[in-house]
Structures are given as structure tokens and as C-alpha cells.
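Single-structure report; data block below.
The values are calculated or read from the model by the stated rules, or taken from the named source; none is laboratory data. These numbers come from a predicted model, not from an experiment. Here the Cβ positions follow ideal geometry from the backbone for every residue, glycine too, while neighbour counts run over all protein chains shown. Please note that ligands, DNA and RNA were not included when accessible areas were found on the heavy atoms of the full protein model with its side chains. Shrake-Rupley method; radii C 1.70, N 1.55, O 1.52, S 1.80 Å.
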Amino acid sequence: KVERNEEKTWHKLLLGTTSHGTQSLDPNHRDAPLTYYHRSGPIGQAFASWQGPTAKTQIAVIGLGTGSLASYVQPGQSLTFYEIDPAVVRIAQSPRYFTYYEAAQQRGADLQVVLGDARVKLAEAPDHRYDLIVLDAFSSDAIPVHLITREALTMYLSKLTDDGVVALHISNRYLGLEPVLGNLAKDLSLVGLKQFDDEGDKKFPGKSSSDWALLARRKEALGSLADDSRWTSLKQDA
């Protein structure tokens, strides 16, 4: 459902009790990504570091939500959302509720949605197509574990360019996914970084604390983030 607060200042997309994105209704802040996607948060830092010659021009996102991540793409960039729920697509693409998707198209970014099971559909994409794959499907109570198996991660890597990055939004109330990813990174000889950002709404209105991880074949692919003290190496199981 889409929820509007009493002050009529924002819309929020809820699936059960889990928030899948919020957008301000203030015209001056309409395009600002909020909650887990805030510009001061981990994924905002990542996009800010990937500018100019290091920009990620071909991007895939597993999980559409409100389309918040579309606020980061500019003309010359292509963003493909992989989404399993047709209702989510209708809501995210309806300016009556959310405008992130429409605004990105109006800026000249190339956007599209592939409907269906993301792991199956992404496997059908050409190899070495994407510079960045974002997995944003783990915040619900029941997470799709099949998206973070060794086989799945190997498939994502086959779809990335040599300097491509996998970004994973791993905020979750019940499961600690960091050691799972740390073990996978070690197993597949990947460089892995993680940041838990606990700056919330008090400092930045509309922001939520969030947990993000980045995986790449080599340190250089992570650019300036590799030496950013806010990012630490992924922990593994003992």
C-alpha cells in the first residue's frame, strides 16, 4: 500500500510492515532520495564517487520499490530495474504516488523495467553488460536467499564489466548478512567493503540508517571508496 502522512508531506510504499521507499511531496525536495537511499548514506557516497570517467553508465537494480535509485542516474546512463511484482511497477511509475522514475526519464536517462524473477531474467542479459549491479531485495522479513548464493554471485560477476561492482543493501531486522557476503568474497577472491550508517532522521530529515556492502574483483574498481574510512572490510565467519 501507499501511505500518506497526516501532514501530507510524504508518500511511503509499504509491503506488509516493511518500507520500500519514501518520497517528499514538497516540490523543492521531490527528487531527493530518502530513507536507505539518502545522498549522505552509503549508496549516495558510492554514486558521488563514481563521477566523470569513473561513472557507472550501465546499471542494473534488483528490486524497484519506489524507484528511489533512479534519482542518481543522469543523461548518458542506463538503468534497468528487475522487479517481480507488477503492482510495484504500476505504483513506482505512477506520478500520482512517486516521481523518481518519471523525473529520471525527463532528465534524459535511459530507464526500463524487466518484469519477472530477477535471478532468471538477469541471467538472460548479455555477459559483461553492466558496470554496477545493485541488489535491493533483502530488507523484508523473508529475504530471497537464492539471490546471494555462490552460484548467484558468480552469475552477477559474469554480467559485470571487469571493473564492475555489486552493491548490496543488507539492512535487515532479523538476519546479519555481512559474514555470508564476507565468506563468499573470500571464496571467490573478491574485494568486499561494508558500511553501517546509523545517521538517521534527526540529522537528515527523511533519512534512515542503512547497511550496504560492495563487492568487486579488485580494489581499484571501488575507486576512492577503497580508502574511505567510513567503509570497512567485510567480516567473515570465524
Practice task
Just list whichever of Lys12/Lys202; Lys56/Lys203; Lys1/Lys121 have alpha carbons separated by over 21 Å in the model shown.
Solution key: Lys56/Lys203; Lys1/Lys121
Problem - Pairwise FRET efficiency - Tyr97 versus Asp127, Cβ, R0 = 30 Å, nearest 0.05 - result: 0.25
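At 1.4 Å probe size, with every protein chain present, just tell me what the per residue accessible area of the stretch 174-235 comes to in Å².
That works out to 54 Å² for each residue.
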Problem - Distance between modelled label sites at Asp26 and Val145, nm, 7 Å Cα→Cβ extension - result: 4.3 nm
Fill in the blank from the handout: Under the Karplus relation with 6.51, -1.76 and 1.60 and θ = phi - 60°, whole-Hz ³J(HN,Hα) for the stretch 28-33, x at Gly and Pro, equal 6, 10, 4, 9, 6, x
Exercise for the section: Report Rg(Cα)/(2.2 N^0.38 Å) for the stretch 1-89, keeping two decimals. Expected result: 1.15
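Using the alpha carbon gyration tensor of the stretch 50-89, what are the three equivalent-ellipsoid semi-axes (square root of 5 times each eigenvalue), largest first, in whole Å?
Largest first, the stretch 50-89 gives 23, 9, 7 Å.
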Handout entry: Sum of side-chain charges, Ala32 neighbourhood, beta-carbon under 13 Å (Lys, Arg +1; Asp, Glu -1)
Key = +1
Problem - Pair-distance profile P(r), taking every C-alpha pair of the stretch 95-173, with 10 angstrom steps and integer % - result: 15, 41, 35, 9, 0
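Rg over Rh of the stretch 66-199, using C-alpha atoms and the Kirkwood radius, what does it come to?
Value, to two decimals: 0.96.
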Completion exercise
Going residue by residue through the stretch 44-52, the Karplus relation 6.51 cos²θ - 1.76 cosθ + 1.60 with θ = phi - 60° gives ³J(HN,Hα) values, rounded to whole Hz and with x marking Gly or Pro, of x, 4, 4, 5, 5, 7, 9, 10, x
Fill in the blank from the handout: Between Asp163 and Arg90, the two model label points (7 Å from Cα along the beta-carbon direction) sit apart by a distance in nm of 4.3 nm
Problem - Semi-axes of the equivalent ellipsoid for the stretch 126-238, Cα gyration tensor, largest first, Å - result: 23, 17, 14
Completion exercise
Taking alpha-carbon centroids only, the stretch 1-62 lies from the stretch 168-194 a number of Å equal to 22 Å
Exercise for the section: Normalise the Cα radius of gyration of the stretch 15-62 by 2.2 N^0.38 Å (N = residues in it) and let me know the number. Expected result: 1.38
Problem - the stretch 87-238: antiparallel DSSP beta bridges as a percent of all, rounded to 5 - result: 75 percent
Practice task
For the stretch 141-238, run through the chymotrypsin sites (Phe, Trp or Tyr not before Pro) and keep only the ones in DSSP coil with at most 11 other Cβ atoms within 10 Å of their Cβ.
Solution key: Tyr174
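From Cα pairs below 8 angstrom and at least 6 apart in sequence, can you work out the relative contact order of the chain, rounded to a whole percent?
The value is 17 percent.
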Exercise for the section: Specify the inter-centroid distance of the stretch 197-236 and the stretch 74-90, based on alpha-carbon positions, in whole Å. Expected result: 23 Å
Handout entry: At most 13 other Cβ within 10 Å, DSSP loop - GluC sites (Glu not before Pro), the stretch 1-94
Key = Glu6, Glu7
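Could you tell me what % of all Cα pairs in the chain have separations over 26 Å?
Values: 9299 of 28203 pairs.
Beyond 26 Å sits 33 percent of the P(r) for the chain.
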Exercise for the section: Compute the longest continuous run of the chain that contains no exposed trypsin sites (Lys or Arg not before Pro); treat a site as exposed when its DSSP state is not H, G, I, E or B and it has at most 13 other Cβ atoms within 10 Å. Expected result: 9-95
Exercise for the section: Can you give me the three principal axis dimensions of the stretch 44-118 from its C-alpha atoms, in Å, biggest first? Expected result: 36, 26, 20
Problem - Accessible surface of the chain, 1.4 Å probe, proportion on carbon and sulfur as whole % - result: 51 percent
Handout entry: In order through the stretch 36-41: 3J(HN,Hα) via Karplus (6.51 cos²θ - 1.76 cosθ + 1.60), integer Hz, x for Gly, Pro
Key = 5, 10, 4, 4, 8, x
Fill in the blank from the handout: CD proxy, 222 nm, the chain: helix-only mean residue ellipticity via -39,500 (n - 2.57) per DSSP H run with n ≥ 4, per residue, nearest 500, stands at -5500 deg cm²/dmol
